[in-house]
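Novice: Quick one: this structure, given as structure tokens, is what I'll be asking you about.
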Amino acid sequence: MSFKLFKRIAVAFLVACYCFGQMIIPTNADSGDSSLFDELLAEREAGENAESESTAEPEETMIEIGDFSDVKKEDWFYPYLEYLVSKGMIKGKTPDSFEPNSSFSYAECSAVIVRYLGLEEEAVKRMYRIAERMPDMKNVWYAGYFEVMATLGLFEEYGLYEMHDGLITYINTDEANSPVVRYRFAESISESFELDSSMKAKNVYGEIGGSGREFILGGGYNRDVLSLYEAKISDYAEIPQHSRENVLKAYYNGIFNGDISGSFYPHNNLTRAEMAKVLATVSDFSLRTRLINEGYGQKVNDDMLHTDAFGVKTLDCDYWQKLLMLEAENLHVDDGNISYTSSHLFPEGYAVDVYLYEQEDDGYKLRRECTLHDGNDGGFTYEADNARVLFVMRNVKENSRPEGVVDIAVSDGSAVSIKPMIREE
């Protein structure tokens, strides 16, 4: 490997690590957000002194929630902020202040969404390319995030940027640094759970398509229950018509709950405290609070669980195999016609994703998918001679962690083999 190539890889790695470490980035221009990028970019262009500059490791100080003088244990957002700080996912505006009531910009929100979708590395790559083709953009630290958001179809129609052939050509920096209002952020969060893009979320199990829906509590929406949330929002009529369904979805997932009077305040600026709640609840399902509980299936007891060497409890292998193998019996193949209907054989707090991949010359392509939980009917039909169908059981209380997979192979339009995919301990 040439020194030049090694240097480029090292610089990209440093930038990725740096960006990942800042889950929420301060807005003030003198905070040093773009300085590291500027230095590394200049270093890469100049090709000089790379060894002495890039090998120096910056001293990092661990932040604790007690460091913030403006945060108290009785604050409503304290449990969410405590979780984020403990995971190293958030920083303050200064070393000793969090500024919970300060607003959040569209730029900062784009970074948060891209990061929880697992697309940080892609944003860094986009930033380099933007800086190369538009040098005046190299100090716009969020340009890469905006391009990823645009590719995902998020933050559309907000007047934040212009695109041509899938590339950012203009950013309205004034608008990008303006506060994002609550209904727009709720809208973007809900849309990020249901991506319809060639770019997929990466924070998912390798066999799954990565649509983003792993963040949905229960894996899908029960439409009858979704509509019930309208009565839970006292200022529902103030939400713009085109955004109402996405706000309801945010409530459904326990991301937003309203205040004691049931008000959502759709046009208020989002605060840093509210952002902390959203980021924490996206990351950890147990922090979500639902105003309407649907209930799930069979109650899970200790006999159904396995505890590994690290104390992590998962569904016992024999238990999930039995359930998924029974569910798989609802898949029927007749002369290339593949059909599936659900029997809802899964325990409380779990959902099942079903994916159909059709085999082509260049590999398997996702053709059908459905997500099932108690009270949520689903299924599909498809015609294919050679395909794979995956049944994935997910723990929706543990950030949608997959705990069981059954793989079904369809060959020559009729033959079907069913096997569980056992992970090695």
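The values are calculated or read from the model by the stated rules, or taken from the named source; none is laboratory data. Keep in mind that this is a model prediction, so the values were computed, not measured. Cβ coordinates were reconstructed from backbone atoms using ideal geometry, including for glycine residues, and neighbour counts include every protein chain displayed.
Novice: What residue, among those in the range 331-359 that are among the polar types (S, T, N, Q) and assigned to a strand (DSSP E or B), is farthest from E398 (Cα to Cα)?
Specialist: Going through the qualifying residues, I end up with N337.
Novice: From the residues in the range 212-227 that are modelled with pLDDT of 85 or more and surrounded by fewer than 17 Cβ atoms within 10 Å (Cβ to Cβ), which one is nearest to A280 (Cα to Cα)?
Specialist: Result: L226.
Novice: If you take the residues of the range 339-359 that are modelled with pLDDT under 85 and of a type in the set (G, A, S), which of them is farthest from I216 (Cα to Cα)?
Specialist: Selected residue: S343.
Novice: Confirm whether E360 is buried (at least 20 other Cβ atoms within 10 Å of the Cβ) and among the acidic types (D, E). Outline the logic, then answer.
Specialist: Values: buried (at least 20 other Cβ atoms within 10 Å of the Cβ): no; among the acidic types (D, E): yes.
For E360, the condition - buried (at least 20 other Cβ atoms within 10 Å of the Cβ) and among the acidic types (D, E) - is not met.
Novice: Tally up the residues in the range 219-243 that are in a loop (DSSP other than H, G, I, E, B) and closer than 21 Å to I113 by Cβ, please. Walk me through how you get there before you give the answer.
Specialist: Of the range 219-243, the ones in a loop (DSSP other than H, G, I, E, B) are 219-222, 233-235, 239-240.
Then drop every residue that is not closer than 21 Å to I113 by Cβ, which leaves 219-221, 239-240.
Selection size over the range 219-243: 5.
Novice: Assuming C109 fulfils every condition listed in (1) surrounded by fewer than 23 Cβ atoms within 10 Å (Cβ to Cβ); (2) among the hydrophobic types (A, V, I, L, M, F, W, C); (3) outside any loop (DSSP other than H, G, I, E, B) apart from one, which condition is it?
Specialist: Looking at each condition in turn, C109 falls short on (1).
Novice: Would you mind finding the one in R290, R394 that is surrounded by 19 or more Cβ atoms within 10 Å (Cβ to Cβ) and either of a type in the set (K, R) or free of Cβ contacts under 8 Å to residues at least 12 places away in the same chain (or both)?
Specialist: Only one candidate passes the filter, namely R394.
Novice: Let me ask another. Considering each residue of the range 67-99, count those that are within 16 Å of Y116 (Cα to Cα) and either in contact with a Phe, Trp or Tyr (Cβ under 6 Å, 6 or more places away or on another chain) or without any contact (Cβ under 8 Å) to a residue 60 or more places away in the chain (or both), and give that number.
Specialist: Final tally of qualifying residues: 1.
Novice: Sticking with this structure for a sec: Name the residues in the range 251-281 that are under 18 Å from F215 (Cβ atoms), among the small types (G, A, S) and part of a loop (DSSP other than H, G, I, E, B), would you?
Specialist: Correct list: G254 only.
Novice: Which of the numbered conditions does N257 fail, given that it passes all the others? Conditions: (1) surrounded by fewer than 20 Cβ atoms within 10 Å (Cβ to Cβ); (2) under 24 Å from A107 (Cβ atoms).
Specialist: Of the numbered conditions (1) surrounded by fewer than 20 Cβ atoms within 10 Å (Cβ to Cβ); (2) under 24 Å from A107 (Cβ atoms), the odd one out for N257 is (2).
Novice: Residues being among the polar types (S, T, N, Q) and surrounded by 21 or more Cβ atoms within 10 Å (Cβ to Cβ): count how many of those fall in the range 397-425. I'd like the intermediate steps shown before the answer.
Specialist: Here is the first cut: in the range 397-425, the residues among the polar types (S, T, N, Q) are 399-400, 411, 414, 417.
If we keep only those that are surrounded by 21 or more Cβ atoms within 10 Å (Cβ to Cβ) as well, we get 400.
Qualifying residue count for the region: 1.
Novice: Follow-up. Go through the residues of the range 200-208 one by one and say whether even a single one is farther than 22 Å from S103 by Cα and more than 16 Å from the chain's Cα centre (by Cα). Even if it seems obvious, please write down each step before you answer.
Specialist: Pass one, the range 200-208, residues farther than 22 Å from S103 by Cα: 200-208.
The next check asks that each one be more than 16 Å from the chain's Cα centre (by Cα); those that pass are 207.
Yes, because at least one residue in the range 200-208 is farther than 22 Å from S103 by Cα and more than 16 Å from the chain's Cα centre (by Cα).
Novice: Take the residues in the range 166-181 that are buried (at least 21 other Cβ atoms within 10 Å of the Cβ) and modelled with pLDDT of 95 or more; name whichever of them is nearest to the chain's Cα centre (by Cα).
Specialist: So the residue we want is V180.
Novice: Got a sec? Which of M127, M199, M163 is surrounded by fewer than 21 Cβ atoms within 10 Å (Cβ to Cβ) and outside any loop (DSSP other than H, G, I, E, B)?
Specialist: Details: M127 fails: surrounded by fewer than 21 Cβ atoms within 10 Å (Cβ to Cβ); M199 fails: outside any loop (DSSP other than H, G, I, E, B).
From the options M127, M199, M163, the qualifying one is M163.
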